[in-house]
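Novice: Here you go, one structure.
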Amino acid sequence: MVKPISKIAAAIAPSVTLAISAKAKQMKADGIDVVSFGAGEPDFNTPENVKEAGIQAIRDNKTRYTPAAGIMELRQAICKRMKEDLNLDYAPNEVVIASGAKHSVYLSIMVCCDPGDEVVVAAPYWLSYAEMIRMAGAIPVEVHAKASANFKITAEQLEAAITDKTKMFMLNSPSNPTGMVYTKEELEALAAVCEKHGIYVLADDIYCNLVYDGISYTSIASVSPAMKEQCIVVNGVSKSYAMTGWRVGYTLSNATVAKAMASYASHSTGAPATMAQWAAVESLEGEQDSVEQMRQQFELRRNHLVERMNKIEGVSCIKPQGAFYVMMDMSSFVGKTMYGHVIESDLDFAELFLEKALVATVPCTAFAAPNFLRWSYATSMENIDKGLDRLEKFIAEA
Ligand code: PMP
Ligand code: GLU
């Protein structure tokens, strides 16, 4: 009999977000009228100029291997865009292209953490973080933001979680799933703690272009030179340019970390697809109007969703400042019976909501935020209304 798979692999839970969006897509393909708020990906198409650049790259036979860290043209375009958008100063040898920001997060953890190291994660957090930390044999340490603090952790909470085993702190602002954005002052306070302990900071800035209400965005890497040295900034083209399927993400870090990440990638994946890298060059260097147009659409959808949701009896949400997620508090239903089932958690509620009302959402237990459901508003206004109509009916008729 064949031996078991590795202990690390056996302990990995599959991605709930990907599983739910796959299930909703399958239900739709089967002719079921499901409305999906599961997928965390823009519903917009990749801008035309970017698609053309990908096609042109194939025609120009840009179809061969590239350096493991990615093509120089893309690394240069990233440095320019990051300077312009986030006031971050990096050189091309400090940039590593990876197969999506997810892969960038993974490479960062694998390169910085040894088995047994602790990684402090601001919770609620994107569910893949904890699994990736475990895949490195490291230990996730959750610091729970309070709802009363707008789901943002404080410097005191961070300080209390750090031990001599702590190697890294992971922060995602705007956050998936809360949508909250840390202010410059809040980041400075967190940075001071990280500087004191000399730990790496993984700053997942993937939603940096999606902020609302005219607030300005600060990357934690920009708050001090010491922070820049300790930071690994993760970003990518998936969310800002509606390019989730192209699989291009990147990191900005000090040159030692960047070199190690490129070596790691050179033996595992190699660089992402060459034509996708060329399309990414165009996304960053070409016209940026579509980024703003998509951002404005998301803001309108957020306003509408939040306003209507807060009028529905039994549920509520705070108004997120960025990304494209709303966390709906459904705790008032815990312990109640709906459609003959006792609701014990967000998982029960989400399952019943999908089964009875044909609405797909993500239970936030997966994000370390029990009794909330995540709604992604990366879907049309029409679908948003359809989903909320169904929510009203689902609750009223339970
Ligand atoms: N970070 C966060 C917080 C995300 O929500 C996502 C979405 N998948 C990613 C990273 C990864 O994005 P991608 O791999 O599509 O570039
Ligand atoms: N990050 C997105 C989400 O949270 C995409 C799905 C995934 O990659 O997990 O839904």
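Novice: Convert each backbone phi in region 212-217 into a coupling constant with the Karplus relation 6.51 cos²θ - 1.76 cosθ + 1.60 (shift: θ = phi - 60°), then list the ³J(HN,Hα) values in order as whole Hz, x for Gly and Pro.
Specialist: 10, 6, x, 6, 9, 9
Novice: Nearest 5 percent is fine: what portion of the DSSP beta bridges confined to the chain is antiparallel?
Specialist: Roughly 50 percent of the beta bridges in the chain run antiparallel, per DSSP.
Novice: Right, something else. Just to be sure I understand the curve: with the Debye formula and one point per C-alpha of region 246-398, what is log10 I(q)/I(0) at q = 0.09, 0.13, 0.17 Å⁻¹?
Specialist: -0.45, -0.76, -0.96
Novice: Give the Rg/Rh ratio for region 175-300, taking Rg as the radius of gyration of the Cα atoms and Rh as the Kirkwood radius, to two decimals.
Specialist: My calculation of the ratio gives 0.99.
Novice: Same structure, new question: Run through every distinct alpha carbon pair of the chain and return the Kirkwood hydrodynamic radius in angstroms, one decimal place.
Specialist: 21.8
Novice: Size of region 66-152 along its principal axes in angstrom, Cα-based, largest extent first?
Specialist: 42, 32, 18
Novice: Based on Cα positions only, what radius of gyration and what Dmax would you give for region 241-311, in angstroms?
Specialist: 17.9, 53
Novice: Using 27 Å as the Cα-Cα cut-off, could you pick out the over-long pairs in 3/25; 165/259; 80/167; 83/165; 311/356; 51/259?
Specialist: As for pairs spanning more than 27 Å Cα to Cα, those are 3/25; 80/167; 83/165; 51/259.
Novice: Please build a GNM for the chain, connecting alpha carbons under 10 Å apart, and tell me which residue among 302, 64, 75 fluctuates the most.
Specialist: Of the options given, 64 has the highest mean-square fluctuation.
Novice: While we're looking at this one, here's another question. One-quarter of the Cα convex hull surface for region 194-238, in nm²?
Specialist: Across all orientations, region 194-238 yields a mean hull projection of 3.6 nm².
Novice: Please report, in whole Å³, the volume per residue of the convex hull around the C-alpha atoms of region 343-398.
Specialist: Expressed per residue, the convex hull around the Cα atoms of region 343-398 is 70 Å³.
Novice: Lys and Arg at +1, Asp and Glu at -1: add these up for the other residues within a Cβ distance under 14 Å of residue 116 and post the number.
Specialist: -1
Novice: Please give the FRET efficiency for residue 304 paired with residue 355, using the beta carbon to beta carbon distance and R0 = 41 Å, rounded to the nearest 0.05.
Specialist: 0.95
Novice: Related question: Hey, could you get me the Stokes-Einstein D for region 1-138, Kirkwood radius over alpha-carbon pairs, 4 °C and 1.567 mPa s, rounded to whole µm² s⁻¹?
Specialist: Answer, rounded: 68 µm²/s.
Novice: Right, another one. Distance between Cα centroids, region 326-354 to region 20-45: provide it in whole Å.
Specialist: 21
Novice: Hey, how many Å between the Cα centroid of region 69-128 and the Cα centroid of region 189-216?
Specialist: If we compute the Cα centre of each part, the gap is 13 Å.
Novice: Report the residue, chosen from 236, 286, 70, that carries the largest GNM mean-square fluctuation when the chain is represented by alpha-carbon nodes joined by springs under 10 Å.
Specialist: 286
Novice: Expressed in nm to one decimal, what extension gain is obtained for the pair residue 184 and residue 6 from 0.36 nm per residue of sequence separation less their Cα-Cα distance?
Specialist: 59.8 nm
Novice: Can I ask one more? Assuming R0 = 45 Å, can you tell me the calculated FRET efficiency for the pair residue 55 and residue 331, based on Cβ-Cβ distance, to the nearest 0.05?
Specialist: The value I calculate is 0.35.
Novice: Now a separate question. In whole Hz, with x marking every Gly and Pro, tabulate ³J(HN,Hα) for region 384-390 from phi via Karplus 6.51 cos²θ - 1.76 cosθ + 1.60, θ = phi - 60°.
Specialist: 3J(HN,Hα) across region 384-390, in whole Hz: 4, 5, 4, x, 6, 4, 5.
Novice: Based on the Cβ-Cβ distance of residue 25 and residue 114, what FRET efficiency does E = 1/(1 + (r/R0)^6) give at R0 = 35 Å, to the nearest 0.05?
Specialist: 0.35
Novice: HN-Hα J couplings of region 32-41 from phi, Karplus 6.51/-1.76/1.60, θ = phi - 60°, integer Hz, Gly and Pro as x?
Specialist: 8, 7, 8, 10, 10, 10, x, 6, x, 9
Novice: Still on this structure, please answer the following. Amide H neighbours of residue 249 under 5 Å, counting only residues 5+ apart in sequence or on other chains, H built in-plane at 1.01 Å?
Specialist: Sorted by chain and number, the residues that satisfy this are 98, 99, 100, 101.
Novice: What spacing in nm lies between the two simple spin-label points modelled at residue 393 and residue 44, each 7 Å away from Cα in the Cβ direction?
Specialist: Going from the residue 393 label point to the residue 44 one covers 3.1 nm.
Readers should treat all values here as calculations from the given coordinates under stated rules, not as data from a laboratory. Predicted model, so just to flag it, every value in this text is computed and none were measured. Positions of Cβ are generated from backbone atoms using ideal geometry, with glycine treated the same way; all protein chains shown enter the neighbour counts.
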